[in-house]
1. Quickly run through region A:126-162 and pick out the residues that are in a loop (DSSP other than H, G, I, E, B) and facing another protein chain (nearest Cβ under 9 Å).
2. Looking only at region A:155-186, which residues are within 24 Å of residue A:139 (Cα to Cα), touching a helix residue (DSSP H, G or I) at 6+ places or on another chain (Cβ under 8 Å) and either without any contact (Cβ under 8 Å) to a residue 60 or more places away in the chain or surrounded by fewer than 22 Cβ atoms within 10 Å (Cβ to Cβ) (or both)?
3. If I filter region A:85-130 down to residues being without any contact (Cβ under 8 Å) to a residue 60 or more places away in the chain and crowded, with 16+ Cβ neighbours inside 10 Å, which single residue comes out as farthest from the chain's Cα centre (by Cα)?
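Bear in mind these aren't lab numbers, they're just calculated from the coordinates by the rules spelled out. Just so it is clear, the model here is predicted, and its values are computed rather than measured. Positions of Cβ are generated from backbone atoms using ideal geometry, with glycine treated the same way; all protein chains shown enter the neighbour counts.
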């Protein structure tokens, strides 16, 4: 097999259950308890019993051997487990690995899970080690890295802080339609609000940065033959790919071009769809610059043109591109590693459109007739990039 | 490389040792005639191991720059930049001797070795003219 023949995983597996737990503030709950609640709720959603789970995939900043700790907590003896830690995109890579293990017959039911109580125990939590050749200068990671990329982007494409702020304004507009969002009742943002927020690392201010919340999530995956018999609309994994080119921002080959160019190209190729076929677009927006970079790198516009694409709230609820429809990491939830929430939103939109009850939203919060979603995860400092393409059965 | 590595130090420690001696040294692959940073045991991506240490010219260009906001009682705002050395490689460093938010992409800078948090560090100043 070669790179031209990578569609053997297309449609072979599906998500049949999902849940989130403790999003926002979950005082009195540990990261493990939040993660385990998510797993049990997702299994209930799927109608699958705990003891049928034989594949466990997990990452969190609170457990260095997360898959093993979670398995023990749940009382499982998995036949395959993966706790790969590549930052916030880990879960999208776990989904790829789970699909491989399911398709190979190593396992029959996989759970991919995450949990964090960072907010209720004091703030942003990371297990990232200090970077050699960088730490001495005291960068405020990860913000400094994203600020370096943002500054370079502004320089190369004559972009302004207003261009970045447009992203935060649209994200908030989506959150105002989503009762699950942390900022659901916090009112809209203006560009001026974003520009006048407390500066953190120039050019990024507080409202260019994601939320700091608690929260956990889980999805349940099976092979597609079994997925047909579960109680929800199965959502099929049509394409998945990952790539990374650096760990430290000082080693990033090009500050304004991420390896999402490569991951998305291969994921779309596997799916047999292209970016413009996607009905919903869920991008890992840890900072406002992310959304601009990923809109370009996934192929929604040319390099440097995202600043035009996000003008006039065009990625907001009334716009032409349905981007980060839950409110994103900027305005919905961000417990430190956001990747599984990108996935949840991509799948929830498709299930809602197919008639499943996945929660209430105000007018326009659910996308009519959504059949295809792209979920894109980012990890580290624009380092690891993982793209998943999801679709309903008629897209197979 | 001898299997037990005895009597030698790794490139990270060697880089620091040079800094302690007041030298900003970077590695060069002899067969490729290419410089690279950060220090490694072999040339990244193709693995050549015929390396030598060469004193950097210290001249570079600001590739990107940020002002990191910090409370005055904790030391105040400071600059953090990515510098592309004239030899080719890029590195993180601070640009000093100028307001931390006044550094511009494209400015030429020159390295000096200073002490940062008790350890020798490469710091850059704006190259005038």
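1. Selection gives A:131, A:132, A:133, A:134, A:138, A:139, A:140.
2. A:159, A:160, A:161
3. A:107
Residue by residue, here is whether (1) crowded, with 19+ Cβ neighbours inside 10 Å; (2) without any contact (Cβ under 8 Å) to a residue 24 or more places away in the chain; (3) within 11 Å of chain A (Cβ to nearest Cβ) holds:
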{"position": "B:90", "(1), (2), (3)": "yes, no, yes"}
{"position": "B:94", "(1), (2), (3)": "yes, no, yes"}
{"position": "B:99", "(1), (2), (3)": "no, yes, no"}
{"position": "B:103", "(1), (2), (3)": "yes, no, yes"}
{"position": "B:108", "(1), (2), (3)": "no, no, no"}
{"position": "B:122", "(1), (2), (3)": "yes, no, yes"}
{"position": "B:125", "(1), (2), (3)": "no, no, no"}
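Per-residue answers, yes or no, for (1) surrounded by 15 or more Cβ atoms within 10 Å (Cβ to Cβ); (2) more than 22 Å from residue A:131 (Cα to Cα); (3) more than 14 Å from chain A (Cβ to nearest Cβ):
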| site | (1), (2), (3) |
| --- | --- |
| B:11 | yes, no, no |
| B:22 | no, yes, yes |
| B:35 | yes, no, yes |
| B:41 | no, no, no |
| B:50 | no, yes, yes |
| B:80 | yes, no, no |
| B:83 | yes, no, no |
